[in-house]
1. Take the conditions at pLDDT below 90 and open to solvent by less than 70 Å² (accessible area, probe 1.4 Å) and apply them to ARG156. Does it pass?
2. Every residue in the range 88-108 that is among the polar types (S, T, N, Q), closer than 16 Å to LEU184 by Cβ and open to solvent by 70 Å² or more (accessible area, probe 1.4 Å), please.
3. Mind listing just one residue for me: the one in the range 119-143 that is surrounded by 15 or more Cβ atoms within 10 Å (Cβ to Cβ) and of a type in the set (Val, Ile, Thr) and, of those, modelled with the lowest pLDDT?
4. Would you be able to say whether some residue in the range 104-118 is more than 16 Å from ILE17 (Cβ to Cβ), at pLDDT below 90 and in a helix (DSSP H, G or I)?
5. Pairs please, first residue from the range 171-190 and closer than 14 Å to ILE114 by Cα and among the polar types (S, T, N, Q), second anywhere and part of a helix (DSSP H, G or I) and open to solvent by 70 Å² or more (accessible area, probe 1.4 Å), Cβ atoms under 8 Å, 6+ apart in sequence or on different chains.
Amino acid sequence: MQTKSDSHSVAPAKQGIAAALRAFGWICFWLELVLAVVCGIALLFAVSGRNISDETVGGIGIGIFWAIGGVLASLFSVFVAFRYTGISKALRSPNTAKHPKKADVTQLLRLGVIAGLAGMLLGILGAGSTLGVLVAKSVSMPQLSVAAYDPSKSIRGLDVFVAMANLIVITANFLGTVAPLWMLNWLHRD
């Protein structure tokens, strides 16, 4: 025989929040993970193609540094997105004692926003420094004569990989910021 507490189901509002957290959690998890891996591969190409003693890559190293920081922030956002799915599972539990408090959900979503913003900042710093180096190199390239060719002033394809990696980092962290912001807005609407 079932008691009233055994047949208790999750409130419809909590079911909606749990479903949204689950959906956004998995979408953000996979999108950010794929973008972080793509960015990591682009950085791996850029770093492995560098000749450490070669002067042709001057200035690009700082862009690589910021991009790696952005990837790490993106990977942290992937972890936070995975936590959204855990909170969703706890909210779907018929045992209300296992339900997280609204403040805990809000705190996790805010952590996701902060991680995404930090990653975007690192990506913007990396993209700005990389593009600054690429512009400086393109302006200093000889226009008329190949005889005056200076390899330190040429733009290499690997330099462009660093710029691409930083833009991918910005995109990944943008996704990691938009989803929790939307969820925070949805959670706190009256």
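The values are calculated or read from the model by the stated rules, or taken from the named source; none is laboratory data. These numbers were taken from a predicted model, which means no experiment stands behind them. With ideal geometry, Cβ positions are generated from the backbone for all residues, glycine too; neighbour counts draw on all protein chains shown. Accessible surface areas use protein heavy atoms only, side chains included; no ligands, DNA or RNA. Shrake-Rupley method; radii C 1.70, N 1.55, O 1.52, S 1.80 Å.
1. Taking the combined requirement at face value, the residue satisfies it.
2. Across the range 88-108, the qualifying residue is only GLN107.
3. VAL133
4. Looking for residues that are more than 16 Å from ILE17 (Cβ to Cβ), at pLDDT below 90 and in a helix (DSSP H, G or I), one finds none in the range 104-118, hence no.
5. These pairs meet every condition: ASN173/LEU117; THR177/LEU117.
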